[in-house]
Amino acid sequence: MRSIEPKILYFGTPVAIVSTLNEDGSTNLSPISSFWTLGWTMTLGVLKDAKMAENLERHGECVVNLPSPVMWEVVEKLAPLTGKDPVPEEKTKQFRTEKDKFAAAGLTRVGSEVVRPVRVRECPIQMEAKVISMHELGGQKIAVLGGGLAAVVEVLKVHADEEFIVDGTDHLAPDKWSPLVYNFRHYYSLADKELGKTFRA
Ligand SMILES: Cc1cc2nc3c(=O)[nH]c(=O)nc-3n(C[C@H](O)[C@H](O)[C@H](O)COP(=O)(O)O)c2cc1C
């Protein structure tokens with residue numbers, strides 16, 4: 001063992017594409033991987049310089065769309081884009097402004113049922129949610145990136161592709177669903193061999 005200073009600590013988390021509402025009523029899309037859920041309460045890690053942060057503070061609704069592993073190249077099309085105009089100073093070398101991220105990534109809008117930002121049809125799981133609270137994330141390494149926020153949201157509605165639902169139930173089938181995983185800035189799918197299940201499964 002030795003102590004190291006990796007630039008990032010992204011040990012492998014699912015990717016989501018977050019729909020938020022722009023000031024003109026259109027929907028912005030932002031890929032994220034820093035999010036987790038307890039019950040139906042979800043925390044999103046949002047960099048302050050993202051359009052998503054600005055949108056969530058103005059209009060506290062979003063859709064958390066989960067892409068499947070085959071969609072990694074679609075996510076990668078969104079990766080160099082920001083809804084911010086102009087592009088924030090620290091991002092100018094790698095990012096460009098894009099108003100219509102659906103068109104840029106070849107994605108399709110589908111209206112949401114209880115929130116204003118629209119869903120991404122191609123994502124097999126889509127969760128409509130409202131913001132409960134926003135918190136400042138401290139820490140030096142994130143300050144270098146312009147700072148971050150934890151957006152705590154409550155999921156209001158879960159839409160799932162029939163393919164991933166256990167017949168006749170409300171359960172998602174873990175042997176059918178597999179997230180797109182972001183592992184140190186590389187895209188992975190889960191290994192398809194189940195190791196076991198917890199006592200409550
Ligand atoms: C796979 C992936 C995961 C990302 N994870 C996050 C994240 O968890 N939080 C975040 O704020 N930005 C994350 N980003 C960077 C944002 O997508 C990026 O800042 C983008 O410009 C946001 O778009 P927006 O400015 O239009 O909101 C991620 C990017 C990719 C490609």
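The values are calculated or read from the model by the stated rules, or taken from the named source; none is laboratory data. Small disclaimer: the values here were computed from a predicted structure and weren't measured. Every residue, glycine among them, receives a Cβ derived from its backbone with ideal geometry; neighbour counts consider all protein chains shown.
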>> If a residue must be near the ligand (Cβ under 9 Å from one of its atoms) and either at pLDDT below 95 or hydrophobic (A, V, I, L, M, F, W, C) (or both), how many such residues does segment 66-86 contain?
In response: 5
>> For segment 22-41: of the residues being within 12 Å of the ligand (Cβ to nearest atom) and assigned to a strand (DSSP E or B), which is surrounded by the most Cβ atoms within 10 Å (Cβ to Cβ)?
In response: Leu29
>> Out of everything in segment 47-65 that is crowded, with 20+ Cβ neighbours inside 10 Å and more than 10 Å from the ligand (Cβ to nearest atom), what residue ends up being farthest from Gln94 (Cα to Cα)?
In response: Glu61
> Taking the condition assigned to a strand (DSSP E or B), in contact (Cβ under 8 Å) with a residue 12 or more places away in the chain and closer than 30 Å to Glu5 by Cα, does Ala150 pass?
Replying inline: yes
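Go through Phe95, Phe184 for me and flag whichever is out of contact with any Leu (no Cβ under 8 Å at 6 or more places or on another chain), of a type in the set (A, V, I, L, M, F, W, C) and within 25 Å of Phe11 (Cβ to Cβ).
Working: Phe95 fails: out of contact with any Leu (no Cβ under 8 Å at 6 or more places or on another chain).
Going through Phe95, Phe184 in turn, just one is out of contact with any Leu (no Cβ under 8 Å at 6 or more places or on another chain), of a type in the set (A, V, I, L, M, F, W, C) and within 25 Å of Phe11 (Cβ to Cβ): Phe184.
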> Within segment 87-124, how many residues are assigned to a loop (DSSP other than H, G, I, E, B), without any contact (Cβ under 8 Å) to a residue 40 or more places away in the chain and out of contact with any Asp or Glu (no Cβ under 7 Å at 6 or more places or on another chain)?
Replying inline: 9
